[in-house]
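Read the figures in this text as sums done on the coordinates, not as results from a lab. Values in this document were obtained by computation on a predicted structure and should not be read as measured data. FYI the Cβ positions are ideal-geometry reconstructions off the backbone, even for glycines, and counts take in every protein chain you see.
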Amino acid sequence: MRKPFIAGNWKMNNNCQTAVELAAGLALQLKEVDSVDIAVCPPFVYLQPVANALSFSNIALGAQNVYAEPNGAFTGEISCEMLRDNCCTYVIIGHSERRHKMGETDEMINKKIATAIVSGLLPIFCVGELLEQRKAGKTQTVVADQVRKGLDGLGVEKALAVTIAYEPVWAIGTGKTATPEQAQQVHKMIRQLLADIYDQSVAQQIRIQYGGSAKPANTAELMAKPDIDGLLVGGASLKADDFADMIKTAAETQN
Ligand code: PGA
């Protein structure tokens with residue numbers, strides 16, 4: 001049985017004060033929840049203050065990106081070691097905004113995933129098709145290709161450190177959520193692919209989150225699907241009440 005995992009991707013939002021308030025509010029509202037793994041991913045510059053606000057809470061910290069080199073002349077980049085130093089457990093890798101707005105390639109993403117795991121971080125590895133790819137009937141091939149390339153060369157042990165987030169690009173920040181059936185269809189395909197690459201036991205252990213306009217109103221129906229193991233939440237994770245509500249709903253589907 002996979003424990004649900006819900007992570008909030010704050011993207012480039014909040015200031016220091018609102019970030020700390022949001023984290024402190026979540027820590028308070030979610031202190032009783034132990035059947036869901038929870039993380040928030042603030043901008044790099046607020047990791048430390050948010051870590052302080054989350055100390056002694058059951059909410060883990062994640063970053064939104066990382067660079068694959070350990071140190072050196074990479075102006076503006078942040079290493080895995082630096083994230084570890086700032087209390088991160090997780091790191092989002094290959095988010096569609098980084099793929100499509102910052103030009104990240106599958107090869108870069110693969111290298112980041114491998115480096116993150118070796119450094120002791122747990123990657124949240126994002127995949128998802130564009131609207132035109134869905135309309136052209138290419139969803140499964142596009143997503144399968146991203147999964148294969150992202151996990152390329154990772155043995156079983158490393159693969160088990162990964163959470164995959166299926167985020168159809170047309171559903172991100174648009175208010176258009178994939179139907180639970182559309183999401184389940186892709187999640188099932190990803191799990192089958194994991195069984196092909198590794199084996200059935202590995203496929204059954206790796207968590208696959210859904211992301212793309214997930215909100216309190218659609219959490220229960222998404223989480224009810226057999227291959228949806230959690231959510232990667234953007235907009236709704238910026239409101240403590242909404243994000244806490246989603247996590248409590250996911251916890252109830254466990255009981
Ligand atoms: P959204 O973003 O929930 O605002 O659609 C999800 C994500 O980009 O991770």
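When LYS3 is tested against (1) surrounded by fewer than 15 Cβ atoms within 10 Å (Cβ to Cβ); (2) under 19 Å from the mean Cα position of the chain (by Cα); (3) farther than 30 Å from TRP170 by Cα, only condition (3) is not met. Name the residue that is surrounded by the fewest Cβ atoms within 10 Å (Cβ to Cβ), counting only residues in segment 215-247 that are within 20 Å of PRO123 (Cα to Cα) and within 11 Å of the ligand (Cβ to nearest atom). Here the answer is GLY234. Selection of segment 62-75 for residues being more than 22 Å from GLY212 (Cβ to Cβ) and either of a type in the set (Val, Ile, Thr) or within 16 Å of the ligand (Cβ to nearest atom) (or both) yields VAL66, THR75.
Filtered by the rule that a residue be near the ligand (Cβ under 8 Å from one of its atoms) and among the β-branched types (Val, Ile, Thr), segment 167-176 gives ILE172, THR174. Hey, among the residues in segment 81-90 that are closer than 21 Å to ALA19 by Cβ and touching a residue at least 24 places away in the same chain (Cβ under 8 Å), which one's nearest to the ligand (Cβ to nearest atom)? It comes out as TYR90. Of all residues in segment 127-153, how many are within 15 Å of the ligand (Cβ to nearest atom) and loosely packed, with under 15 Cβ neighbours inside 10 Å? Counting residues in segment 127-153 that are within 15 Å of the ligand (Cβ to nearest atom) and loosely packed, with under 15 Cβ neighbours inside 10 Å gives 1.
The condition of being of a type in the set (Val, Ile, Thr) and crowded, with 18+ Cβ neighbours inside 10 Å holds for only one of VAL45, VAL66, that being VAL66. Of the residues making up segment 131-180, those that are free of Cβ contacts under 8 Å to residues at least 40 places away in the same chain and either within 16 Å of ASP199 (Cα to Cα) or among the acidic types (Asp, Glu) (or both) are GLU132, ASP145, GLY155, GLU157. Of all residues in segment 196-214, those being of a type in the set (Gly, Ala, Ser) and within 15 Å of the ligand (Cβ to nearest atom) number 4.
Filtered by the rule that a residue be among the aromatic types (Phe, Trp, Tyr) and in contact with a strand residue (DSSP E or B) (Cβ under 8 Å, 6 or more places away or on another chain), segment 166-182 gives a lone residue, TYR166.
Of everything listed in (1) of a type in the set (D, E, K, R); (2) more than 16 Å from the ligand (Cβ to nearest atom); (3) over 21 Å from VAL40 (Cβ atoms); (4) over 17 Å from the mean Cα position of the chain (by Cα), the single unmet condition for ASP106 is (4). Here the condition is being more than 16 Å from the ligand (Cβ to nearest atom), β-branched (Val, Ile, Thr) and either surrounded by fewer than 17 Cβ atoms within 10 Å (Cβ to Cβ) or closer than 30 Å to THR18 by Cα (or both); of ILE78, ILE93, ILE117, ILE124, it holds for ILE78 alone.
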